[in-house]
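Could you have a look at this structure, given as structure tokens, before my questions?
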Amino acid sequence: MKWLTDSRLVFWSLELLIVATLIWVCTQISFLFSPIGVFLSTIFTPLLLSGVLFYLLNPIVRLLERVRWKRMRINRTMAVVIVFVGLIAVIGYGAAWVVPRLVNQVTNLIGNIPDFAKSSEAVLQQAAHHPWLQQIDFSKYLTQLQQAFGKYAESFVTGLTTGIGSIIGTATSVVVTAITVPVMLFYMLKDGEKLMPALRKWIPAKHTDQTMELLSRMNGTIARYIGGQILECLFVGTFTAVGYSLIGEKYALLLGVFAGFCNLIPYVGPYIGILPALIVAFTISTNMVIYVIIVVVVVQQVDGNLVYPNIIGRTLQIHPLTIIIILLAAGNIAGLLGMILAIPLYAVVKTVVQYLYSIWQLEHPAEKALPENLKK
């Protein structure tokens, strides 16, 4: 019995058995947790958008608080109001200038989907006369391309006619989000600085300094990543759209916005963002395909060598292979949203683990000083 009570194998076996039992019990009473899941899924999108905007606008609020003019100064509430007015002006300008052009280009793109097959057929027939490509049977590929475009158009029209209920539900969700996000963002910006002192009161005095340091590191990691990613996406989207316009690419603004949004996904984002542009360019000419590739390569080189190191830098310190593995797993689990959120979540977890490990090393200096053979 003493061997059983002192055995680490038995101890961890019992721990795993207890955890497995708890998981099984939770699956049997899942109906009790469903309201919690509905509540979290309801507030997830507004909370996520508010958090992103908070980390993006909070540095501006802090900067306005430091403004001094004679004996007058701007308090935090006034700074938040000024930032809100500026944000409303930017959104209003975007709604007045960008949104109508995007809607127009999306409408034209949808309406021209059947014509893409004919344009692609003409380009392939022209390329078929090239000596290197004369031995390839393009008729089979043309038939497949026409069928693909036909099926896509049919499925789009069918989904548009049968999905009226989902469209209404989505519109309702968008309206609710548009109403709740500004309210949540206002109070986040106004009272965000009070969160850390409030948490300090609930933390045991023994671990107060360590916990606050850890929270500060986590906050800094999230702030640097979100702010840097937004600025980087704006750069990529703007200059990609400008480059497409200069070379005469159709739907330049729409394709530039899509490329900027896809840049949120590390490493694989630029390859996803260029695909629609290549498809559209292919319907114009083969030279346009080359021009599109040149524009994307130039923008990505400037972004990778100048913008990314100076805005985000190496703050995350995550190996590229690790990022690719995380993206593959997150994409299969949660789709596009998972690929966007996986890297910052991993960065936060990594910060926590590194900090806890450093604390453990400080509390166990003798263990750290042991030779490697004794540690094993």
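All of the numbers you see were taken from the coordinates with simple rules; none came from a lab. Small disclaimer: the values here were computed from a predicted structure and weren't measured. Positions of Cβ are backbone-derived with ideal geometry, glycine not excepted, and every protein chain shown enters the neighbour counts.
If packing is taken as the average count of other Cβ atoms within 10 Å, what order do 295-301, 57-63, 255-261 fall into, highest mean first?
Values: 295-301: 18.3, 57-63: 16.0, 255-261: 23.1.
Top to bottom by mean Cβ count within 10 Å: 255-261, 295-301, 57-63.
Starting from the 7 Å offset along Cα-to-Cβ, what nm value, one decimal, do you get for the label separation of I294 and T27?
5.8 nm
On full extension of the chain, what length is gained from I91 through L356, given 0.36 nm per residue of separation minus the C-alpha to C-alpha distance? Please list the in-between numbers first.
Numbers: separation 265, 0.36 × 265 = 95.40 nm, distance 4.17 nm.
Between I91 and L356, full extension yields an extra 91.2 nm.
7 Å from Cα along Cα→Cβ at both L63 and W12: what's the point-to-point distance in nm?
Those two pseudo-labels are separated by 5.2 nm.
To continue, here is another question. Could you work out the Kirkwood radius for the stretch 193-361, taking every pair of different alpha carbons, averaging 1/r and inverting it, reported in Å? Walk me through the intermediate numbers first.
Working: mean 1/r = 0.0555 Å⁻¹.
About 18.0 Å, per the Kirkwood formula over Cα pairs.
Along the Cα→Cβ direction, 7 angstrom out, place labels at V176 and I36. What is the inter-label distance in nm?
Each label point lies 7 Å from its Cα, and together they span 2.1 nm.
Going down the list K190/K250; K70/K206; K70/K194, which pairs span over 32 Å between their C-alpha atoms? Walk me through the numbers on the way to the answer.
Values: K190/K250 44 Å; K70/K206 44 Å; K70/K194 28 Å.
As for pairs spanning more than 32 Å Cα to Cα, those are K190/K250; K70/K206.
Here is a follow-up. Stretched out fully, how many nm does the piece from L195 to F44 gain, at 0.36 nm a residue minus the Cα gap? Please list the in-between numbers first.
Numbers: separation 151, 0.36 × 151 = 54.36 nm, distance 1.97 nm.
Taking 0.36 nm per residue and subtracting the Cα distance, the gain is 52.4 nm.
For T286 and L246 in the same chain, what is the full-extension length gain: residue separation times 0.36 nm, less their Cα-Cα distance, in nm? Don't jump to the answer; show the numbers that get you there.
Values: separation 40, 0.36 × 40 = 14.40 nm, distance 1.67 nm.
Roughly 12.7 nm would be gained on extension.
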